[in-house]
């Protein structure tokens, strides 16, 4: 079930590595299970390795830790000598190779370059972000906006894709094409976000309600076009490209219709002029999508039937094989604390299980490994989902045992449950646990007669393991988010400052939206994602920690939201760079410096905990005799100042001050 990405060589290397790790886990568990002390000490080694895996690879490390831990726990249930351990080692390795063959079968028949799916994911993530901008779905039901979450998901997807592309050195021309394609999806999303931010400013205008359905139809058309682009990238079939052209044409037509209706409202309104400028920026990008995707179709011949070989298997590249290893330059002390915490918990769980010979007690340790997360909020959430799925699954599994299914029926039912588990494990975790609980009972029924003790023992062991993980998250070296969130927010403010300074520097030199401006934009989006994740962890912390901090929680939530709005406002300003390329605007340097100082002051106040003294609002006069573009640029700069004033007001208000 490992979702390996990138070059086929890298995928094969990852799967072979995992197979070896699982085989060694089975071998170690079989030998170590003979003695309580040996099993406990070896479990400590696996706990340390769980942290090492997470450090080496954020994408694959957690999967390696969980699957190797599961095999170790299962092997503990059947201890034996070296001959028995060797048998399990070979059996596990054979099962891993069978899994690889199943993965290979998909690679042979799926008509895609090994990087095409990763690039297509960026277009899907961009379409998900635009979907979040819609106010209602196709059935007219309101949509709960989660733009911040989708922005973070898009940023993570683009970064992961670009990293995979960088590792493909054997075809630099094709790698450059895929790099351009992935970044084009990010540019479409950026310009649509800028349009959405500009539209927010005119929602209260008279007559906008009549235009709102046109806005929704335009966003929906863009979503369909981006998803069609993803399909075209994967299949690179001319027929799919023709469908993409139709959708791009419809999106361009709807953008033109929206522009005409906006122009009819009030042609002299500067806010409307800003929206129309963003519309023109987005419309100008659609022909680039068509050109780029035409190159994608030209880069590959459509495959019909079964391919006779795996594509792109040239000389082995250590760079490609090792691309999935992306350890941080510095140790993450949160991860170090998590590693020590999970090691202690797992050793304690194994000592209890083996020391008291608890029936099916291996689920205590495995549940602790699954539930225990680096922070308390995620641990509590995981525990609730796992217990809900386990108990509800156990109830239905008990009824199935009462029916006394034949062996063939049990095997078929277990297969269906396995499919459902794989489908829901990344969508609804509690539902996946519900299905896997039933699967385990049916697998046991197919091999030998089982009774109600199996679902009951699994439920109780899950409960014990979950409670153990929750207690560990509370007591063993906890790091509460309320202590970290101000620093994370301060970092986000500084990345916004760097983003604004880079944009202003490009205006001063008359440059396009490239280079440092793009890099600082990515940094700001990553910082916003980290701030949003920090807020979610803060909300999930226990009541005794949050007691007396409710107003501080509201303050952090407000600052996080305002900071995201600030990033989008700077993004709108950045969209004016390309139309003004070649025409330097040096007058932006002075006001930008004042704004940067204000942001640095806010960041320092967050770090020190001292409220800044109230500062009069900044005033940026428009130079005399400006062009129309300059008016829009300075107007957007004032909007940025407005967002910063709102940030300052939220930060200057003490948590215990009356509303």
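Run the numbers for residue 405 and residue 448: contour at 0.36 nm per residue of separation, minus the present Cα-Cα distance, in nm.
Separation in residues times 0.36 nm, less the Cα-Cα distance, equals 14.3 nm.
Give me Rg over Rh for region 112-298, both radii from the alpha carbons and Rh done the Kirkwood way, two decimal places.
Values: Rg = 17.0 Å, Rh = 17.1 Å.
A ratio of 1.00.
Hey, fewest Cβ within 10 Å first, where do 391, 419, 89, 46 land in order? The partial results should precede the final answer.
Details: 391 17, 419 12, 89 21, 46 25.
In increasing order of surrounding Cβ atoms, one gets 419, 391, 89, 46.
For a quick check: sort 485, 583 by the number of other beta carbons within 10 angstrom, fewest at the front.
Numbers: 485 23, 583 11.
Arranged by neighbour count, lowest to highest, 485, 583 become 583, 485.
Assign one of three labels to region 155-252, namely rounded, prolate or oblate, based on the Cα gyration tensor with a ≥ b ≥ c the square roots of its eigenvalues; rounded applies when a/c is under 1.5, prolate when it is not and a/b is larger than b/c, and oblate otherwise. Could the numbers behind the result be given before it?
Values: a/c = 4.06, a/b = 1.79, b/c = 2.26.
Verdict is oblate for region 155-252.
May I ask for the Rg/Rh ratio of region 36-137, computed from Cα atoms with Rh as the Kirkwood radius, given to two decimals?
Looking at region 36-137, the ratio lands at 1.16.
Using per-residue counts of other Cβ atoms within 10 Å, averaged over each peptide, order 490-502, 345-357 from highest down.
Order by mean packing, descending: 490-502, 345-357.
Given 0.36 nm per residue, what is the gain on full extension from residue 242 to residue 597 after removing their alpha carbon distance, in nm? Walk me through the intermediate numbers first.
Working: separation 355, 0.36 × 355 = 127.80 nm, distance 5.12 nm.
Using 0.36 nm per residue and subtracting the Cα-Cα distance, I get 122.7 nm.
Using only Cα atoms, locate the centre of region 431-458 and the centre of region 213-291, then give the distance between them in Å, rounded to an integer.
Distance between centres, Cα-based: 51 Å.
Kindly provide the pair-distance distribution of region 333-477 built from C-alpha pairs, with 10 Å bins from 0 and whole-percent values in order of increasing distance.
13, 38, 33, 14, 3, 0
Going by how many other beta carbons lie within 10 Å of each one, how would you line up 290, 380, 509, fewest first?
Values: 290 16, 380 20, 509 11.
Lowest count first: 509, 290, 380.
Cα centroid distance between region 5-52 and region 353-401, in Å?
Answer, in whole Å: 21.
Where a number appears in this text, it was derived from the coordinates with a stated rule and is not lab data. Small disclaimer: the values here were computed from a predicted structure and weren't measured. So basically every Cβ, Gly included, is an ideal-geometry build from the backbone, and we count neighbours across all protein chains shown.
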